[in-house]
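Chemist: Right, I'll just put the structure down here and ask away after.
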Amino acid sequence: MTVYEATQKRIDIIFSDFDNIYVSFSGGKDSGVLLNLCMDYVRRNKLKRKIGVFHIDYEAQYQMSSEYVTRILRANSDILKVYRICVPFKVPTCTSMFQSYWRPWDEDKSDIWVSPMPKNAYTKDDFPFFSYEMWDYEFQKLFSEWIHQRAKAKRTACLVGIRTQESLNRWRAIHSDRNYRNYKGLDWTNEICANVYNLYPIYDWLTTDIWVANARFGWEYNHLYDIFYKAGVPLEKMRVASPFLSAAQITLKLFRAIEPHTWGKLVSRVNGVNFTGIYGGTMAMGWSSIKLPTGHTWESYMHFLLETLPEKTRIVYIEKLNTSIRFWRERGGVLADETIEKLRKIGVKVDVLSNSNYKTDKKPVRMEYLDDINISEFQEIPSYKRMCVCILKNDHHCKYMGFAQTKREIERRKAIMEKYKNIL
């Protein structure tokens, strides 16, 4: 069975079991393929129902992306119910050591908005649960509950076009043991709240599958990818979503060449964009092979870097570092047998436990932070060098180190959800 055939079976289940369906559509290649799959299914089966489309317009995105989104939504308006979101929630940014977030569609900065607000957009006034303390990912969860209540649905499906090949974080988003219950035991589903589910129909597709499908079925796609390809950007590095995230730093400089008129607005809109555009993808921002300054260990270099940061930012990194150190020292992470053997051969002390609460075949391991280590599993091992990379990348959430939300962040998120749940 091909991934396309497997996905058709998944879509059969979705349209049979869920009376309210919407696709989370960013304008990127994966969500574009997922939307096309669903639209083809509706037309092929002559279903008399509409698919919801949830699109967060981040204001400071490529004009080509915005035009593609508008084009595909308008061409299929007969079967789509569109929610184009223009809301000033907090959005992570890795372009500045001074700011961990920025706000699209900030009313106080309407005179320097990168793009005009689209017609028929949904704004903060349309959502009674909106709060200025809210991050974009918190808004997405509350939106799913809001649309479920609004549709008076029995069961709501939010279709998300992420693939596990893309990153460990995306694999964990689908398969983590911290996730809510699956729907009918299907491992490509997660329950968000009562009768509302995130579904990942193309989770097992490869990047090549995406482009084969676009070519074979003649689907509309974002032609910004053509320009990336001509510029020599590797397939796995092409990003068209928020350009200020860590994963997009390396291609931010292309904004200046592809859309110079948009670039000029970006520079005055978000702190640190010009610096990141110049140095993103270099050693200056933690990419490639960063070199340890003479006379330093990675631990001492980390402390040096921390001292260069604003106090508020420094405290965030220190809290995450201390949380991670305690985690590896007391609870332990999980490593494969092969990795454990490599550590032992080079003299690293590890305490392998017999029991684990994780849903994995890997072994739970307690260990101390290392200064650095030269093995292929570098990104799985806690080290001060990895922390240095996070700081240089302005990776405030330390995603490079695989950090999940801290206990405080989880509690804060739960408090926000509980506060606005009554409004829904």
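Chemist: Could you go through the stretch 9-27 and let me know if any residue there is more than 24 Å from ASP209 (Cα to Cα), assigned to a helix (DSSP H, G or I) and more than 23 Å from the chain's Cα centre (by Cα).
Modeler: yes
Chemist: Of these, ILE210, ILE202, ILE227, ILE192, which one is more than 24 Å from ILE11 (Cβ to Cβ), among the aliphatic types (A, V, I, L, M) and surrounded by 14 or more Cβ atoms within 10 Å (Cβ to Cβ)?
Modeler: Details: ILE210 fails: more than 24 Å from ILE11 (Cβ to Cβ); ILE202 fails: more than 24 Å from ILE11 (Cβ to Cβ); ILE192 fails: more than 24 Å from ILE11 (Cβ to Cβ).
Matching residue, one of ILE210, ILE202, ILE227, ILE192: ILE227.
Chemist: Follow-up. Are any of the residues in the stretch 355-378 at negative phi, modelled with pLDDT of 85 or more, in contact with a Pro (Cβ under 6 Å, 6 or more places away or on another chain) and of a type in the set (A, V, I, L, M)?
Modeler: no
Chemist: If we scan the stretch 106-117, do we find a residue that is assigned to a loop (DSSP other than H, G, I, E, B), touching a strand residue (DSSP E or B) at 6+ places or on another chain (Cβ under 9 Å) and on the phi < 0 side of the Ramachandran plot? Let's see the steps before the verdict.
Modeler: First, the residues of the stretch 106-117 that are assigned to a loop (DSSP other than H, G, I, E, B): 106, 113-117.
Pick out the ones that are also touching a strand residue (DSSP E or B) at 6+ places or on another chain (Cβ under 9 Å) and you get none.
No, the stretch 106-117 contains no residue that is assigned to a loop (DSSP other than H, G, I, E, B), touching a strand residue (DSSP E or B) at 6+ places or on another chain (Cβ under 9 Å) and on the phi < 0 side of the Ramachandran plot.
Chemist: Which pairs turn up if I take residues in the stretch 299-328 that are touching a residue at least 12 places away in the same chain (Cβ under 8 Å) and within 14 Å of CYS388 (Cβ to Cβ) and look for partners that are assigned to a helix (DSSP H, G or I) and among the β-branched types (Val, Ile, Thr) with beta carbon separation below 6 Å, at least 6 apart in sequence or on another chain?
Modeler: Note: pairs meeting the criteria are LEU305/ILE391.
Chemist: In addition: For the stretch 107-150, enumerate the residues that are of a type in the set (Val, Ile, Thr) and either more than 25 Å from the chain's Cα centre (by Cα) or over 15 Å from PHE89 (Cβ atoms) (or both). Let's see the steps before the verdict.
Modeler: If we filter the stretch 107-150 for residues that are of a type in the set (Val, Ile, Thr), which is where we start, we get 112, 114, 123, 147.
Answer for the stretch 107-150, where residues must be of a type in the set (Val, Ile, Thr) and either more than 25 Å from the chain's Cα centre (by Cα) or over 15 Å from PHE89 (Cβ atoms) (or both): ILE112, VAL114, ILE147.
Chemist: Conditions first: (1) modelled with pLDDT of 90 or more; (2) buried (at least 19 other Cβ atoms within 10 Å of the Cβ); (3) in contact with a Gly (Cβ under 9 Å, 6 or more places away or on another chain). CYS38 passes all but one, so which condition is the exception?
Modeler: (3)
Chemist: Checking TYR68 against (1) within 27 Å of ASP204 (Cα to Cα); (2) part of a loop (DSSP other than H, G, I, E, B): exactly one of these is not met. Which one?
Modeler: Failed condition: (2).
Chemist: Then there's this: Answer yes or no: is there a residue in the stretch 314-323 that is exposed (fewer than 14 other Cβ atoms within 10 Å of the Cβ), of a type in the set (D, E, K, R) and modelled with pLDDT of 85 or more.
Modeler: Checked the stretch 314-323: at least one residue is exposed (fewer than 14 other Cβ atoms within 10 Å of the Cβ), of a type in the set (D, E, K, R) and modelled with pLDDT of 85 or more.
The values are calculated or read from the model by the stated rules, or taken from the named source; none is laboratory data. Bear in mind the structure is a predicted one, so any value in this text is a computation, not a measurement. With ideal geometry, Cβ positions are generated from the backbone for all residues, glycine too; neighbour counts draw on all protein chains shown.
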